[in-house]
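Input: a single structure, listed below in structure tokens.
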Amino acid sequence: MNDHTTRTRRWRGAPALVISIVALFAALSGAAVALPGTETVNSGDIKNESVKSVDLKDGQAVTGDDVTDESLTGADLADGTVAGAEIANDSVASEDLAPNSVRAQELGDGIHNHTNAVVVPGGTAQNANYNFELVTASCGAGEELISGSGHWNGDAQGEELMLSEVVLDHNAETVTVKGGNDFGVNRTLVATATCL
């Protein structure tokens, strides 16, 4: 066998070698592979954080209709991305909230105190014959009662005044306070409704 024949045989093997090398480089470079023809793409087919709104049809954002019910969890949402406007009225109930998860500072300016007062005559001082009066404070229109209290205005140590009842009515959104005065001087009984 002469040198020319040996070189020709080597060259005939070269195209297969070149194709093999090209295929190897393509595989190592992560070249795209076509998806099966099912017309579906699942999360395993997409690199994390690679899809943007411009990649979606007409550049539109994903809406609730595009997401399967109950498929998103808190971990899927960035902090501060859901505001009150995105939550339907009356859709969040107490069982949806973790214990102590809502504090007064989260409610902001939504909390209002409404007061009402009545003067309770003092009668004869310290004769164990209290004069009782009722006073009711109500929440404003559209507000809900969250707490309530009662107190006396103008009282001082040693005055014979008492609060005998503080009744919260969550149906009427009111607080009614009953108090008695046996001090001999008129005092003012105050009811406070704390509302949201």
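A residue that is over 17 Å from ASN116 (Cβ atoms), under 26 Å from the mean Cα position of the chain (by Cα) and acidic (Asp, Glu) occurs somewhere in region 140-153. Restricted to region 110-132, and to residues there that are part of a strand (DSSP E or B) and more than 40 Å from the chain's Cα centre (by Cα), the residue that is surrounded by the most Cβ atoms within 10 Å (Cβ to Cβ) is VAL120. Where strands (runs of 3 or more DSSP E) sit wholly within region 133-196, those with at least 3 residues that are buried (at least 17 other Cβ atoms within 10 Å of the Cβ), of a type in the set (A, V, I, L, M) and at pLDDT 95 or above occupy 187-195. When the criteria are applied in full, GLU143 meets the requirement of being of a type in the set (Asp, Glu), touching a Leu at 6+ places or on another chain (Cβ under 7 Å) and touching a residue at least 40 places away in the same chain (Cβ under 8 Å).
Taken over region 166-196, residues that are polar (S, T, N, Q) and under 30 Å from the mean Cα position of the chain (by Cα) amount to 4.
Residues of region 44-62 that are of a type in the set (Ser, Thr, Tyr) and modelled with pLDDT of 70 or more: SER50 alone. Checking each residue of region 158-166 against the condition of being within 17 Å of ALA191 (Cα to Cα), touching a Ser or Thr at 6+ places or on another chain (Cβ under 6 Å) and not charged (D, E, K, R) gives no match.
The values are calculated or read from the model by the stated rules, or taken from the named source; none is laboratory data. Small disclaimer: the values here were computed from a predicted structure and weren't measured. Positions of Cβ are backbone-derived with ideal geometry, glycine not excepted, and every protein chain shown enters the neighbour counts.
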